[in-house]
Structures are given as C-alpha cells and as structure tokens.
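Asks: Sharing a structure with you now.
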Protein chains: 2
Amino acid sequence: MTRIGIFLFEQVEELDAVGPWEVFGMWAKACPEEAELVAFAQAPGPVRAAKGLTLHADHGIDDVGRLDVLVHPGGAGTRPQLKDAGHLAWVRDQRSQVPLMASVCTGSLVYAAAGLLEGRPATTHWGSLDRLAELDPSIDVRRADRFVDDGDVVTSSGVSAGIDMALHLVARLAGADRARQVRRNMQYDPQPPI
Amino acid sequence: MTRIGIFLFEQVEELDAVGPWEVFGMWAKACPEEAELVAFAQAPGPVRAAKGLTLHADHGIDDVGRLDVLVHPGGAGTRPQLKDAGHLAWVRDQRSQVPLMASVCTGSLVYAAAGLLEGRPATTHWGSLDRLAELDPSIDVRRADRFVDDGDVVTSSGVSAGIDMALHLVARLAGADRARQVRRNMQYDPQPPI
C-alpha cells in the first residue's frame, strides 16, 4: 500500500495540488489495495488557494500518519515558507522519514531552501528557475525538463506539470499499465487549443 | 467583465472543476478588470468530491448573482442529478439566463437530460458517449472531439479536457494573446510520460 499525502497551505496554487490529486485519486479509486491519498495541512481545516478556491485538509501534520510519498505544491504561499524556519525544519524532518519527496512548481524552492536539493538535479516553474539557482547554487537546474526524477526527490516544472509528474510516479510505483489506465480514465490526451 | 461560475456538488470530479478553475483563475488574476470567478453550489459550504477531496463553495445558487459563463463539471455526482427534477429545472432556468453554458466530462449528460442539447452537437467522457446518445437521440454526438463549441453551449470530453475547453473559451472571450498568456503562466506544455 502506497500512502500519498498532498500538502495544502494558504495560497497554494490550485492545480499544483489538484492535478496530482486527480492522478493519484484515479489510482486509489481503481485499486484501493494499492494506494491511499490524503490531503493534509499544518492543521486540519480550510485553506484559501492562490486563485481563490477554498480546499479542505482532512488532516494536520500531527495526525496525518506515515507517508510513502509527500507532494509539496507551489504557489504564492511558498514565498513566506522560504523564510519560515519552522516550515523548513518540518520539511527536513519529512525528508528523513518519507521515502519519496515530490514537489510541483515552486514547491521545489521550499525544498531548496530546506537544503533537500544540495548537489542534485531539479526544476521548477519557468519564472522561478533563476530563484532556484540562487537559493542553492549547488543545484543542477534543469531548465528544459518537464519533471526531474532523482530517485527519492522528484521535482516538476510549473502548475500543470504536476499531472505529468504524478503519472510518471504511478508508472514507477505501480507499473506502466496502471499509469495508462489512469491516463485513459482521466482522458488525458491534451490538445492545447492555442 | 466576464463573470464565470463553476458549479460544485457532492461527488463532483476534482479536475473537472479545478482544471477550468485554474485556467479562468489565471485570467482573472492577471486581468481582474476582465474576468471574475466564483465557486458555487446548491448551498454555500463544503462538498466532498469524487476522489475524496473537499472543495468549498463560497456561494449558493440563491446568492451567486448574474453569470456570463456557467461551468457544470461531471463526476459520479451527475448520476443522481439525471433523475433530479429540481436540478434539471434549475439547469433549464440557467439556460434561459446565462449566455454561455459549458460542461466538462459527464456534465453534458445533465445538460442532455435537461433538454439543452436537443438537435445539437456535443461530447462527453469516452465512457459515457453511448449514454449521451441514449439520453437524447437527437444529439449529434461528437465521439472524437476534445470539446465542442456550439456557440451558447460548449461541452468537453473527459476530466482533463476541461483545461483545453477553458483555454479555448479564454481565447474566444478575451483573445488568443490572453489565452497564450494563461497557458504560459500555467506552463501548459503537456508531456504525458506514458
């Protein structure tokens, strides 16, 4: 059983969180014996996301329990996190407990500030690539990658890239057939019209 | 000012609602003088979505106010709506007031049951194309289309297709440059990994 937690916070970018949620949710719904998905935040309850939608965390960090995968989304709410010693210490603590730390968009800035990306390849939203390099010059910033799988740390580029990263993780954790099933169920045959 | 309402309900599919929310939200955030986005439901408050995430409606149908665009997502929660005379009457009433009625995924089944798609082209999730034809045999079911723009009624295929439909609507309502700006900000250069 793979237990996946998506971390919510004030000013999280909606699709950063809900894109992976949908992918992992399709997996967990089809195969409840394989995967479980939880939404958690600093404390249980509502958070107001960056584009104004309110999302609800069912758990807080104290009661979320063991996780196999932690997804840290990005969004405007990551800016204060970069200077929040308590949050960065919590991220480092998660790093020592959770086998697979993933991020979407500017979530990787938080991982960089916490020291998780030292000497490693990583990416982020195109508008924050320079900031990622500034936060930790030892990072091998992958400017052209949709996502970067470095084993126990996986980062994605901006917003919608979390969907591709999550599908990749389903393939990695449960096989390509399962990922293809998820892709088909969410009819993910994107055709950007412009 | 284009006022866009995304309708939430119990067992709404998460990405059906949040994909378009992110697209329209990027537009509204960049150009608050052009667009406004609201999440509403039968009554204000939380709804539990189909993959277990709780989303929050800021408004109910009685206080949402004038809308220029209404987005009806799909999800397991549309099944009871197809037999809910009150909901179908409300949809017909919206049809008479809202200039642009859009749906994602199985949201179009609800539109079909309400009579909105009589004699018109439309689409839905691949798994519900036959059901769409059964609900109203006069519908010209477009099995291969990502979305179908029939002027005042626009329907999309499954789940992730709402993102493409919403980008198309931004282009239609505000021009291709604005839609490209939104696409770039959400880094929507999809690369399905499987």
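Asks: Counting only residues that are acidic (Asp, Glu), part of a loop (DSSP other than H, G, I, E, B) and at the interface with chain B (Cβ under 9 Å from one of its Cβ atoms), how many does the range A:148-178 have? Walk me through it before giving the result.
Replies: So in the range A:148-178, the residues acidic (Asp, Glu) come out as A:149-150, A:152, A:164, A:177.
Cutting the leftovers down to part of a loop (DSSP other than H, G, I, E, B) gives us A:150, A:152.
The next check asks that each one be at the interface with chain B (Cβ under 9 Å from one of its Cβ atoms); those that pass are none.
Qualifying residue count for the region: 0.
Asks: Take the residues of the range B:11-20 that are outside any helix (DSSP H, G or I) and buried (at least 24 other Cβ atoms within 10 Å of the Cβ): which is nearest to the other protein chains (Cβ to nearest Cβ)? Walk me through how you get there before you give the answer.
Replies: Step one: filter the range B:11-20 for residues outside any helix (DSSP H, G or I), giving B:11-13.
This time we only want the ones that are buried (at least 24 other Cβ atoms within 10 Å of the Cβ), so: B:12-13.
Values: B:VAL12: 12, B:GLU13: 8 Å.
Filtering first and then ranking leaves B:GLU13.
Asks: When the residues of the range A:64-78 are filtered to those that are in contact with a Pro (Cβ under 9 Å, 6 or more places away or on another chain) and buried (at least 24 other Cβ atoms within 10 Å of the Cβ), which remaining residue is farthest from A:VAL18 (Cα to Cα)?
Replies: Among those residues, the one meeting the criterion is A:VAL71.
Asks: On to the next question. Could you please give the count of residues in the range B:53-92 that are among the acidic types (Asp, Glu) and under 16 Å from the mean Cα position of the chain (by Cα)? Working first, answer last.
Replies: If we filter the range B:53-92 for residues that are among the acidic types (Asp, Glu), which is where we start, we get B:58, B:62-63, B:68, B:84.
Still in the running and under 16 Å from the mean Cα position of the chain (by Cα): B:68.
Residues that pass the stated criteria total 1.
Asks: Something else now. Consider A:VAL23 carefully, then state whether it is part of a helix (DSSP H, G or I), buried (at least 17 other Cβ atoms within 10 Å of the Cβ), at pLDDT 95 or above and within 14 Å of chain B (Cβ to nearest Cβ).
Replies: Numbers: part of a helix (DSSP H, G or I): yes; buried (at least 17 other Cβ atoms within 10 Å of the Cβ): yes; at pLDDT 95 or above: yes; within 14 Å of chain B (Cβ to nearest Cβ): yes.
Yes, satisfied.
Asks: Assess whether A:ILE194 counts as being within 9 Å of chain B (Cβ to nearest Cβ) and either crowded, with 16+ Cβ neighbours inside 10 Å or free of Cβ contacts under 8 Å to residues at least 12 places away in the same chain (or both).
Replies: Details: within 9 Å of chain B (Cβ to nearest Cβ): yes; either crowded, with 16+ Cβ neighbours inside 10 Å or free of Cβ contacts under 8 Å to residues at least 12 places away in the same chain (or both): yes.
Against the criterion (within 9 Å of chain B (Cβ to nearest Cβ) and either crowded, with 16+ Cβ neighbours inside 10 Å or free of Cβ contacts under 8 Å to residues at least 12 places away in the same chain (or both)), A:ILE194 qualifies.
Asks: To continue, here is another question. Collect the residues in the range A:1-48 that are under 21 Å from B:GLY25 (Cα atoms) and of a type outside the set (A, V, I, L, M, F, W, C), keeping them in residue-number order.
Replies: Matches in the range A:1-48: A:GLU10, A:GLN11, A:GLU13, A:GLU14, A:ASP16, A:GLY19, A:PRO20, A:GLU22, A:PRO46, A:ARG48.
Asks: Looking only at the range A:166-190, count every residue that is closer than 17 Å to B:CYS105 by Cβ, surrounded by 16 or more Cβ atoms within 10 Å (Cβ to Cβ) and free of Cβ contacts under 8 Å to residues at least 12 places away in the same chain and tell me the total.
Replies: Adding up the residues that qualify gives 3.
Asks: Yes or no: A:GLU36 in a strand (DSSP E or B) and either charged (D, E, K, R) or within 11 Å of chain B (Cβ to nearest Cβ) (or both)? Spell out the reasoning first.
Replies: Values: in a strand (DSSP E or B): yes; either charged (D, E, K, R) or within 11 Å of chain B (Cβ to nearest Cβ) (or both): yes.
Criteria met by A:GLU36.
Okay, residues lined up against (1) crowded, with 16+ Cβ neighbours inside 10 Å; (2) basic (Lys, Arg):
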{"position": "A:ALA85", "(1), (2)": "no, no"}
{"position": "A:LEU88", "(1), (2)": "yes, no"}
{"position": "A:ASP93", "(1), (2)": "no, no"}
{"position": "A:LEU100", "(1), (2)": "yes, no"}
{"position": "A:TYR111", "(1), (2)": "yes, no"}
{"position": "A:ARG120", "(1), (2)": "yes, yes"}
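The values are calculated or read from the model by the stated rules, or taken from the named source; none is laboratory data. Remember, predicted model here, so these are calculated numbers, not experimental data. Note: ideal-geometry Cβ built from the backbone for every residue, glycine included; neighbour counts use all protein chains shown.
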